[in-house]
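Visitor: Shown below is the structure under consideration.
Where a number appears in this text, it was derived from the coordinates with a stated rule and is not lab data. Since we're looking at a predicted model, the values are computed, not measured. Positions of Cβ are backbone-derived with ideal geometry, glycine not excepted, and every protein chain shown enters the neighbour counts.
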Ligand code: GLN
C-alpha cells in the first residue's frame, strides 16, 4: 500500500484519482496482514484496488465526476464493493472518470481530464480513464471500471492494460451510479488475465438487489486458466478495409491474423451488415436511458442544490443547469427528445429493433465462430482537447466497442504492443454470452 501511495503522489499530475483513501488503506492493509498471518484471509488478500468514482462505497464520497454529486457520501456499498472487501481487497481510492461515465476520453469530468502516462499530451481514454491510468502507472494492483459502450475496454487499450466487460447480467449493478441500465456492466482493469479472472469471479453472481442478473453459478475462472486448442475466429473485414481505421491499428490486427493462421487457428473475414447502425443505435438507446436515470438529480434528493433557487421549479432548473456539464446536458436533451411522444417510434422504438437485429446477428456469428476479433478502437490515444471540438467524432470512435454492449456479450481488450510513437494499441475479442472462461483462456495467446 505504501508503495502504491508513493506512486500515486509521484503521478498526481496525471489526475487519475478523485480521492485517495490514504490513512484508511494503510489501516486496512494492517488488518489484512493480520488475517494473512492467522490464516483467515480471503482470496484477494493484499490486492490493492482502485475503484471508478461511480461505484458506491459506504461512508465514502462518490461523485461520478460531476459537480451535481460533488460532496455526496454513499449511505450503502455497492454489491461489488462488498464482495471485494469480503475477500480482503484493499480499496485505495476512487478514480476520475467522465461525468456520469459519458464520454470516451475522460474529458467530460468536472475534475478535468486524466493524462495518459505513455504521452501526457494524450487522453487516457474513457470513461474509466482514471482507473486505466491508475493501473498503467502502477498506482494500484488493479482497478474496477464500468463499461456501458466501451468504457473499460477503450481506456484499457489506450493505456496498454487489460480491460474486461463481462456478459450483461454477470455482475451486479447495485450501487453503481446508473448511466444506461440495459448496458452498464462493471469490469476489471488489470495487468494479467489471471487477475481479471480472479476479480470477475469475486464480483460476479446472483444478487437480490439486481433483478437483471443471471442466476447461473459463477465458475472459478482463475482456477481454470489453461491453454486452449485450435479456434475459429471471425474478424470484421471493415476493420482492415475502412479508411477510418489508423494504419498501425490495421497492421497489428493483420499481424495477429497471420500469426493465428500460422499457428493453425481458422481466421475468417466477415462482413457485418449492421455496422453503420451500431453507433446510432447505441447512442439513441444509451441517451434515452440516461435521460431517465438522471431525472433523479433534482436538487432535492442528492447532492448539489443551487444557492439561487427560491421555489420548486427553480430548484430543479438551476440545480440541474449549474450541476450538470455540457456533455451530460446534451445527452439528457437528446435522450428526452427520442423518448418524446412525437419521436418515440421513429427513434427509440426503431433503435430497439435495430438492437435486437444486432444481437441476433452477433449471436449467429458467435454460434459459427468461437470469437470475433476487432481492434478495440480505430485509433490510439488522441490529443487532449480533440473531443471538445467535435463530440460526433468521439461517438464514432466507439464503433468497435458498442457491438458487444448492444449484444450483451462479453468482450476483452488486450494490449498488443505500441505504435511507432510509443502509444499502446489494443485488440478486442468478443465471445458468446457467459463464455468468459474461454475468452480469458484464449486471451493468453495475445500476451
Ligand atoms: N464512449 C461511450 C459513451 O460515451 C461509452 C461510455 C461508457 O461505456 N460508459 O457513451
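Visitor: Mind checking the alpha-carbon convex hull of the stretch 109-150 and giving the volume per residue in Å³? The partial results should precede the final answer.
Guide: Numbers: hull volume 3.2 nm³, N = 42.
Given the Cα convex hull of the stretch 109-150, per-residue volume reads 76 Å³.
Visitor: Also, I was wondering about something else. Suppose R0 equals 22 Å. What FRET efficiency, 1/(1 + (r/R0)^6) with r the Cβ-Cβ distance, do residue 220 and residue 445 give to the nearest 0.05? Intermediate values should be presented prior to the final figure.
Guide: Details: r = 21 Å, r/R0 = 0.97.
According to the calculation, E is roughly 0.55.
Visitor: Suppose we keep just the DSSP beta bridges with both residues in the chain; what percent of those would be antiparallel, to 5? Walk me through the numbers on the way to the answer.
Guide: Details: 29 of 45 bridges.
Of all bridge pairs located within the chain, approximately 65 percent are antiparallel.
Visitor: Take 321, 131, 443 and order them by how many other Cβ atoms sit within 10 Å, fewest up front. Mind showing how you got there, number by number?
Guide: Numbers: 321 12, 131 41, 443 24.
If I rank by nearby Cβ atoms, fewest first, I get 321, 443, 131.
Visitor: Still on this structure, please answer the following. Output the direction-averaged projected area (hull surface divided by four) of the convex hull of the alpha-carbon atoms of the stretch 156-250, in nm². All intermediate terms of the calculation are to be shown ahead of the outcome.
Guide: Working: hull surface 34.7 nm².
That works out to 8.7 nm², a quarter of the Cα hull's surface.
Visitor: I would also like to ask the following. With the cut-off at 31 Å, report for the stretch 2-224 the share of all Cα pairs above it, as a whole percent. Working shown, then result.
Guide: Values: 2860 of 24753 pairs.
For the stretch 2-224, the fraction of Cα-Cα distances above 31 Å is 12 percent.
Visitor: Mean separation of Cα pairs under 8 Å and 6+ residues apart, divided by the residue count of the chain: what relative contact order is that in percent?
Guide: Details: 1046 pairs, mean separation 78.6, N = 447.
So the answer I get is 18 percent.
Visitor: Based on the Cα gyration tensor of the stretch 354-440, what are the three equivalent ellipsoid semi-axes, each the root of five times an eigenvalue, rounded to whole Å and given largest first? Could the numbers behind the result be given before it?
Guide: On the way: eigenvalues 138, 62, 14 Å².
Calculated on Cα positions only, the semi-axes equal 26, 18, 8 Å.
Visitor: Counting only Cα atoms, I'd like the Rg/Rh figure for the chain, Kirkwood definition for Rh. Spell out each step's value before the answer.
Guide: Details: Rg = 20.8 Å, Rh = 21.8 Å.
Rg/Rh for the chain comes to 0.95.
Visitor: If packing is taken as the average number of other Cβ atoms within 10 Å across a peptide's residues, how do 81-87, 394-400, 91-97, 228-234 rank, most packed first?
Guide: Values: 81-87: 19.9, 394-400: 22.1, 91-97: 29.1, 228-234: 15.6.
Top of the packing list down: 91-97, 394-400, 81-87, 228-234.
Visitor: When the helices in the chain are scored as -39500 (n - 2.57) per DSSP H run of 4 or longer and the sum is shared across all residues, what 222 nm value do you end up with, to the nearest 500 deg cm²/dmol? Walk me through the numbers before you get to the answer.
Guide: Values: 16 runs with 167 residues, N = 447.
Value at 222 nm, helices only, nearest 500: -11000 deg cm²/dmol.
Visitor: Taking the highest mean first, how do the peptides 417-429, 137-149 order by number of other beta carbon atoms within 10 angstrom per residue?
Guide: Details: 417-429: 19.5, 137-149: 27.1.
With the highest mean Cβ count within 10 Å placed first, the list reads 137-149, 417-429.
Visitor: Now a separate question. Remind me, relative contact order of the stretch 395-440 in percent, using alpha carbon pairs under 8 angstrom and six or more residues apart? Intermediate results must be reported in sequence, preceding the final value.
Guide: Details: 51 pairs, mean separation 15.7, N = 46.
Worked out over the stretch 395-440, it gives 34 percent.
Visitor: By count of other Cβ within 10 Å, fewest leading, how are 98, 184, 258 ordered? Walk me through the intermediate numbers first.
Guide: Details: 98 34, 184 25, 258 11.
Listed from fewest to most nearby Cβ atoms, that is 258, 184, 98.
Visitor: Would you mind telling me the antiparallel percentage of the DSSP bridges in the stretch 2-224, rounded to 5? Before the final figure, lay out each step's value.
Guide: Details: 15 of 23 bridges.
For the stretch 2-224, the DSSP antiparallel bridge percentage is about 65.
Visitor: A further question on this structure: Please sort 263-271, 111-119, 403-411, 327-335 by packing, taking for each peptide the average over its residues of neighbouring beta carbons within 10 angstrom, highest first. Each step should come with its number before you reach the end.
Guide: On the way: 263-271: 13.3, 111-119: 22.3, 403-411: 27.2, 327-335: 20.0.
Result, highest mean Cβ count within 10 Å first: 403-411, 111-119, 327-335, 263-271.
Visitor: Using only the alpha carbon atoms of the stretch 145-202, find the Kirkwood hydrodynamic radius as the inverse mean reciprocal pair distance, in angstroms to one decimal.
Guide: Numbers: mean 1/r = 0.0873 Å⁻¹.
Mean inverse Cα-Cα distance, inverted, gives 11.5 Å.
Visitor: Quick one: check the C-alpha center-to-center distance for the stretch 407-426 versus the stretch 270-300, whole angstrom.
Guide: First find each Cα centre; the distance between them is then 24 Å.
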